[in-house]
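This report refers to the structure that appears directly beneath it.
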Amino acid sequence: MNAPSAISHTVMRRVYRIHALRRSVAVVGAASVFLLALWGVGREVWVAKVFENMPSIADVPAVALFFLHAFQDTDLLVQALVIVALAALVWFARALARAAALRPSFA
């Protein structure tokens, strides 16, 4: 096979830069949405009091039930913000894993 030409090398370098920029924007966007959702929850709920009322972390089922009941007893806005924060966290993890991939996939 022939060696890549200078034009091919330049074009592929630009393609890789755009690819890296897309992945970086996805990571920053996911992190921004996550932080904004957490900020919104912090504005609506006194988070320190929630952790004060939480049972001992050694009792995992009690902690899970506590957070389930705390989620159910909040306003609709807080519930929506918590769901957005969890979705953004998953999106952030996915974007970070894709950005850390060794070779780009253009699919």
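Since every read-out is calculated from the coordinates, none of them should be taken as a lab result. All values reported here derive from a predicted model rather than from experimental measurement. We place every Cβ from the backbone using ideal geometry, glycine too, and count neighbours over all the protein chains shown.
Comparing the chain with the 2.2 N^0.38 Å rule of thumb, its C-alpha radius of gyration ratio is 1.65 (two decimals). Think of the chain as having a plus end and a minus end, set by charges on the Cβ of Lys, Arg, Asp and Glu; of 89, 100, 54, 100 sits farthest toward the positive end of this dipole.
Of the complete DSSP H runs in the chain, those spanning 24 angstrom or more by Cα along the long axis with a mean Kyte-Doolittle score not below 0.0 are 6-44, 76-99. For the range 1-92, chymotrypsin sites (Phe, Trp or Tyr not before Pro) meeting the loop criterion (DSSP other than H, G, I, E, B) and having at most 13 other Cβ atoms within 10 Å: 46.
Length available on full extension from residue 76 to residue 63: 0.36 nm per residue minus the Cα-Cα distance, which gives 2.5 nm.
Computed from the Cβ-Cβ distance with R0 of 35 Å, the FRET efficiency linking residue 87 to residue 7 stands at 0.25. Only DSSP H runs of four or more residues enter the estimate; each adds -39500 (n - 2.57), and after division by the residues of the chain the mean residue ellipticity at 222 nm equals -27000 deg cm²/dmol.
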